[in-house]
Amino acid sequence: ENYGPDCVISGAVPRYVALRPPDWSFDPDELRAAFNDKTRAIVINTPHNPTGKVYSPSELDLIAGLCIEHGAIAITDEIYEHLVYRGRHISIATLPGMAERTITISGASKTYSVTGWRIGWLIAPPSLTAGIRKVHDFLTVGAAHPLQIAIAQALELPASFYVELLGDYQERRDAIVDGLQECGFEVSAPDGAYYVMAGIESFDAADDISFARRLIEEAAVATVPASSFYHDPALGRRHIRFSFPKKIETIERGLAALRPLRS
């Protein structure tokens, strides 16, 4: 949700292409129409917050083709790269012709459960990092040194860590998806990340904001109204976002509190 304001601050004019339920896909023609001779970059996030969408090979091929055709840069947020439950994570930088025109962004927050540390990194060709390094120096100077050392150690963890991590999150994903469906929400299992977008059509809800407030008051369960993620809030009025980076016991307790709402 911060990329739009970031564009405005940098002097760019953002154009938005929505992801729509049930599979959170975009309209290829709508994406093509968003590109023109003034397009300088596209921002994508896969796996995606808030939908859990993982972009398919064909979708990434289309995006890459448009970037090459229009001379645009792909800025790709891949912070959930280790949380892909179906298929595999594909970085657009690995596609033909994209390594020299991609800025790949990731970080430690999600994989290592240290969201307050704000340690991140990017990979890009020197022609693109020159400006990035200048801005970074004036904005942040640098991340706290002890935290950098800790994450450097974490990056040496064996592959088994990521296998176990994915298994733990898949268990939580399955638990919350099944539970929300039992509660009456319209839910599709996310392919990645740790969020679930849940439809609220079966509830007596005026909109996502009032329903999210109701869940806090009646069930002590906090969600995010989906309209907050859209440039056009109307597109998100019938969904709310749940997240599941919690213990299974916590998820089950939350689901138990939600079940009475169905009646």
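So that you can scan it fast, the table gives a plain yes or no per residue for (1) in the same structural domain as Gln148 (by TED's automatic domain parsing); (2) touching a residue at least 12 places away in the same chain (Cβ under 8 Å); (3) within 21 Å of Ala159 (Cβ to Cβ):
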site	(1), (2), (3)
Thr94	yes, no, yes
Ile105	yes, yes, no
Tyr112	yes, yes, yes
Leu122	yes, yes, no
Leu128	yes, yes, no
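If you scan segment 178-199, which residues turn out to be more than 19 Å from Ser210 (Cα to Cα) and either surrounded by fewer than 19 Cβ atoms within 10 Å (Cβ to Cβ) or among the aliphatic types (A, V, I, L, M) (or both)?
Residues satisfying the conditions are Asp178, Gln181, Glu182, Val187, Ser188, Ala189, Ala193.
What number of residues in segment 76-103 are touching a Phe, Trp or Tyr at 6+ places or on another chain (Cβ under 9 Å) and surrounded by fewer than 21 Cβ atoms within 10 Å (Cβ to Cβ)? Outline the logic, then answer.
First, pick out the residues of segment 76-103 that are touching a Phe, Trp or Tyr at 6+ places or on another chain (Cβ under 9 Å): 77, 80, 82-83, 85, 89-90, 92.
Subsequent filtering for residues that are surrounded by fewer than 21 Cβ atoms within 10 Å (Cβ to Cβ) retains 82, 85, 89-90.
Count: 4.
Exactly one condition in (1) part of a strand (DSSP E or B); (2) of a type outside the set (S, T, N, Q); (3) at positive phi is false for Val141; which is it?
Checking Val141 against (1) part of a strand (DSSP E or B); (2) of a type outside the set (S, T, N, Q); (3) at positive phi, the one that fails is (1).
Give segment 224-246 a look and list any residue that's among the charged types (D, E, K, R) and within 14 Å of Gly179 (Cβ to Cβ), or say none. Lay out the reasoning, then the answer.
From segment 224-246, those among the charged types (D, E, K, R) are 232, 237-238, 241, 246; that's our starting set.
Passing the criteria: only Lys246.
Suppose we filter Val8, Val43, Val17 for residues that are at negative phi, among the β-branched types (Val, Ile, Thr) and in a loop (DSSP other than H, G, I, E, B); which single one remains?
After ruling out the rest, the residue left standing is Val17.
Look at Glu182 and say whether it is part of a helix (DSSP H, G or I), at pLDDT 95 or above and in contact with a Leu (Cβ under 9 Å, 6 or more places away or on another chain).
Yes; evaluated as a whole, the condition is true for this residue.
Which of the numbered conditions does Trp121 fail, given that it passes all the others? Conditions: (1) more than 29 Å from Ile90 (Cβ to Cβ); (2) under 24 Å from the mean Cα position of the chain (by Cα); (3) outside any helix (DSSP H, G or I).
For Trp121, the exception is condition (1).
Here are the criteria: (1) free of Cβ contacts under 8 Å to residues at least 24 places away in the same chain; (2) in a helix (DSSP H, G or I); (3) small (Gly, Ala, Ser). Tell me which single one Ala222 does not satisfy.
Unmet for Ala222, out of (1) free of Cβ contacts under 8 Å to residues at least 24 places away in the same chain; (2) in a helix (DSSP H, G or I); (3) small (Gly, Ala, Ser): (2).
Can you find a residue that is surrounded by 12 or more Cβ atoms within 10 Å (Cβ to Cβ), touching a Lys or Arg at 6+ places or on another chain (Cβ under 8 Å) and not hydroxyl-bearing (Ser, Thr, Tyr) anywhere in segment 148-169?
Scanning segment 148-169 turns up no residue that is surrounded by 12 or more Cβ atoms within 10 Å (Cβ to Cβ), touching a Lys or Arg at 6+ places or on another chain (Cβ under 8 Å) and not hydroxyl-bearing (Ser, Thr, Tyr).
Output the residues belonging to segment 244-263 that are closer than 22 Å to Ile200 by Cα and of a type in the set (A, V, I, L, M, F, W, C).
The answer is Phe244, Ile251, Leu255, Ala256, Ala257, Leu258, Leu261.
Please specify each residue of segment 225-261 satisfying the condition of being touching a residue at least 40 places away in the same chain (Cβ under 8 Å), not polar (S, T, N, Q) and not in a helix (DSSP H, G or I).
Of everything in segment 225-261, those that are touching a residue at least 40 places away in the same chain (Cβ under 8 Å), not polar (S, T, N, Q) and not in a helix (DSSP H, G or I) turn out to be Tyr230, His231, Asp232, His239, Ile240, Arg241, Phe242, Phe244, Pro245, Lys246.
Checking Ser210 against (1) touching a residue at least 12 places away in the same chain (Cβ under 8 Å); (2) loosely packed, with under 15 Cβ neighbours inside 10 Å, which single condition isn't satisfied?
(1)
Could you list, in sequence order, the residues of segment 1-13 that are under 16 Å from Ala74 (Cα atoms) and either in contact (Cβ under 8 Å) with a residue 40 or more places away in the chain or surrounded by 14 or more Cβ atoms within 10 Å (Cβ to Cβ) (or both)?
Selection gives Tyr3, Gly4, Cys7, Ala12.
The values are calculated or read from the model by the stated rules, or taken from the named source; none is laboratory data. All values reported here derive from a predicted model rather than from experimental measurement. We place every Cβ from the backbone using ideal geometry, glycine too, and count neighbours over all the protein chains shown.
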